[in-house]
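Engineer: The structure is given below, and queries will be raised subsequently.
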Amino acid sequence: MSSPAIDRPSRREAEVLALVGLHLSNAEIAEKLFISVRTVESHVSSLLRKYAVADRFALAALAVPPSGGRTPASRLAGLPDPRTEFIGRGAEREAVRSALAQHRLVTLLGP
């Protein structure tokens, strides 16, 4: 008989898990994600049950990215790895900095 599959975390749970991995408090996580502390507590409780771990320390250990460089959120939530980085994109970075200096809101789009 095969073992039951672990439910994958939701996107928000994956975000919470990544921040737990950084050893942030519930209040710090809530502030970063613009959600209530109670909502963070609910997500942490759900993650503890899903991964059958005893405490936040064990949960944080799950969030450590493997040597492949994937983030905890993408590793556990099945989100894709970023295709590229901003290495070698000095002109694009400078254009964004310039736009941010001139405007309060700047939207970046692209593949």
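Engineer: Please give the net charge around Glu13, taking every other residue with its beta carbon less than 10 angstrom from that of Glu13, where Lys and Arg add +1 and Asp and Glu add -1.
Structural biologist: +2
Engineer: Rank by packing, highest mean first: peptides 98-110, 47-59, with packing defined as the count of other Cβ atoms within 10 Å averaged across residues.
Structural biologist: Those peptides, ordered most packed to least, come out 47-59, 98-110.
Engineer: Please give the FRET efficiency for Ala101 paired with Ile35, using the beta carbon to beta carbon distance and R0 = 30 Å, rounded to the nearest 0.05.
Structural biologist: FRET efficiency, Ala101 to Ile35: 0.45.
Engineer: Heavy atoms only, probe 1.4 Å: what % of the accessible area of segment 11-62 goes to carbon and sulfur, would you let me know?
Structural biologist: Carbon and sulfur atoms account for 57 percent of the accessible area of segment 11-62.
The values are calculated or read from the model by the stated rules, or taken from the named source; none is laboratory data. In this text the structure is predicted, and so the values were computed from the model without any measurement. Don't worry about glycine lacking a Cβ; one is built from the backbone with ideal geometry, like all the others, and counts go over all protein chains shown. In case anyone asks, the SASA skips ligands and DNA or RNA and just uses the protein heavy atoms, side chains included. Shrake-Rupley method; radii C 1.70, N 1.55, O 1.52, S 1.80 Å.
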